[in-house]
1. So which of Gly55, Gly51, Gly65, Gly76 ends up being surrounded by 17 or more Cβ atoms within 10 Å (Cβ to Cβ), at positive phi and in contact (Cβ under 8 Å) with a residue 40 or more places away in the chain?
2. Please specify each residue of the stretch 87-105 satisfying the condition of being out of contact with any Asp or Glu (no Cβ under 7 Å at 6 or more places or on another chain) and either part of a strand (DSSP E or B) or not polar (S, T, N, Q) (or both).
3. Given the conditions (1) within 30 Å of Asn26 (Cβ to Cβ); (2) at pLDDT 95 or above, which single one is not true for Lys154?
4. Only residues that are of a type in the set (A, V, I, L, M), assigned to a loop (DSSP other than H, G, I, E, B) and at pLDDT 95 or above: list them for the stretch 27-76, please.
5. So for the stretch 118-135 (the condition being buried (at least 23 other Cβ atoms within 10 Å of the Cβ), in contact with a helix residue (DSSP H, G or I) (Cβ under 6 Å, 6 or more places away or on another chain), modelled with pLDDT of 95 or more and within 22 Å of His33 (Cβ to Cβ)), does at least one residue qualify?
6. Can you confirm whether the stretch 164-171 contains a residue that is at pLDDT 95 or above and not in a loop (DSSP other than H, G, I, E, B)?
Amino acid sequence: MFPKPSLTLTAEQALIGRDSTMPINNKHYVNNHPIQAPWPENIDTLIVGMGCFWGAEKCYWLLEGVYSTAVGYSAGFTPNPTYQEVCSGQTGHNEVVLIAYDPQVISFQTLLKNFWEGHNPTQGMRQGNDKGTQYRSGIYCSNEEQYQQAHASKEQFQTLLNQAGHDEITTEILMAEPFYYAEEFHQQYLAKNPAGYCGLGGISGVTL
């Protein structure tokens, strides 16, 4: 069983951050769509944390109905953090993926299935060999309907994990907080660097 430390950093203890936003190229490396709002009218958004955001982003940009993806930082305190600051554990942020999707083409339930099966949501503040609060499992919802569906799917997946003898889910499910774009280097990293490493994987034999 993996240790499951909690996030104990407070806003007062967090790094101060900055007012300036991260400069990025507003074009997805894979599909050429913009990676920043404004989105087309039919597009909804979801933010997820699944460990290393390089692999998590790739899990979503391949899906039909996903309009765009971007990696960044969220669910913490420090405004406009850098990668180094997030890795220090002193921002409270998680490494996350912003998913812009067309709900008429791909359902929210399909995005959740991809989430639960794409990583191990029972490992607390780690994912595989990657350890730290920035690697925690999280779902950050843009509306109440997403929030309720995410909790229901968590219960459903936990039942399957229990039947297979696995640990309790540690995923945090929250309403989305500000999303800060990661450095351009990290955007669609595994498309730019196909041989890049990201230790992301689901729980064998458990599917939703």
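The values are calculated or read from the model by the stated rules, or taken from the named source; none is laboratory data. Computed from a predicted model, the values in this text were never measured in an experiment. Methodologically, a virtual Cβ is constructed for each residue, glycine included, from the backbone with ideal geometry; neighbour enumeration extends over all protein chains shown.
1. Gly51
2. Taking the stretch 87-105 first, the residues out of contact with any Asp or Glu (no Cβ under 7 Å at 6 or more places or on another chain) are 87-90, 92-96, 98-100, 102, 104.
Across the stretch 87-105, the qualifying residues are Cys87, Gly89, Gly92, His93, Asn94, Glu95, Val96, Leu98, Ile99, Ala100, Asp102.
3. Answer for Lys154: the failing condition is (1).
4. If the condition is that a residue be of a type in the set (A, V, I, L, M), assigned to a loop (DSSP other than H, G, I, E, B) and at pLDDT 95 or above, then Val30, Ile35, Ala37, Ile43, Leu63, Ala75 are the ones that fit.
5. The answer is no, given that none of the residues of the stretch 118-135 is buried (at least 23 other Cβ atoms within 10 Å of the Cβ), in contact with a helix residue (DSSP H, G or I) (Cβ under 6 Å, 6 or more places away or on another chain), modelled with pLDDT of 95 or more and within 22 Å of His33 (Cβ to Cβ).
6. Residues of the stretch 164-171 at pLDDT 95 or above: 164-171.
Add one more test, that the residue is not in a loop (DSSP other than H, G, I, E, B), and what stays is none.
No, that holds for no residue.
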